[in-house]
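Here is the structure we will look at.
FYI, it's all coordinate maths here, none of it is from the lab. Remember, it's a predicted structure, so these values are computed and weren't measured experimentally. Please note: Cβ atoms are built from the backbone with ideal geometry, for glycine as well, and neighbour counts cover all protein chains shown.
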Amino acid sequence: MNGNQSRELLEREMLANPVKSLQYMLGQLSKVYKFLPQLAADGVYGERTLEAVMLFQKEAGLPVTGTVDQATWDAIRNCWLEQRARTSYSRATRIFPSEGIQVKEGETKEYLIVPQTMFNILAKQFEGITPCEADGCNGPASAGNIRWIQKAAGLPQTGCMDTATWDALSHLYEIFVVQDPDCQPAFTGGWG
């Protein structure tokens with residue numbers, strides 16, 4: 001799977017609410033680009049969202065229409081991904097054990113309880129995530145959920161919880177569950 005296919009799959013699977021996702025990206029960009037207003041990711045394309053889109057279009061040299069066409073979406077997403085790469089701060093990687101640590105299918109690690117709980121909460125919003133007991137055991141249901149997030153994030157579908165998978169899961173959780181820009185560190189991003 002190439003990078004473009006991964007991004008398309010990620011958008012299709014994880015951006016179930018495009019307005020909320022747009023608001024999240026613009027809100028994160030506003031922390032660096034002060035010309036953008038702060039936005040709440042509420043899923044409503046109101047005046048503040050329209051204003052932010054138009055200001056972004058003007059700054060990016062795009063036609064200022066307030067409509068999020070493919071060129072505008074791509075420009076916002078690419079700017080967001082670039083900012084994320086430059087300022088990568090991830091509380092997710094601070095919580096999950098260090099790089100290289102993995103919880104393979106069939107293994108039990110106490111710290112797997114946190115991602116299992118996050119999956120259980122996200123199961124209410126996403127088809128394909130199966131609720132399971134948060135017991136720290138990477139059994140069939142947990143491994144299936146891990147494969148779901150890995151597929152959506154363009155990662156190898158191993159069923160093994162690792163730092164990259166944890167990062168993707170926590171970004172999804174921040175966007176669709178936390179939804180509070182004041183709770184999010186300076187630009188952790190939305191997709192791993």
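Brief remarks on what is shown
- Once the chain from residue 78 to residue 65 is taken as fully extended at 0.36 nm per residue, the excess over their C-alpha distance is 2.8 nm.
- Cross-link pairs 20/109; 20/58; 104/151; 20/124; 20/151; 31/58 - those with Cα-Cα distance over 26 Å: 20/109
- Theoretical FRET efficiency, 1/(1+(r/R0)^6), r = Cβ-Cβ of residue 33 and residue 125, R0 35 Å, to 0.05: 0.75
- Normalised contact order of region 18-59, rounded percent, pairs of Cα under 8 Å and 6 or more residues apart: 39
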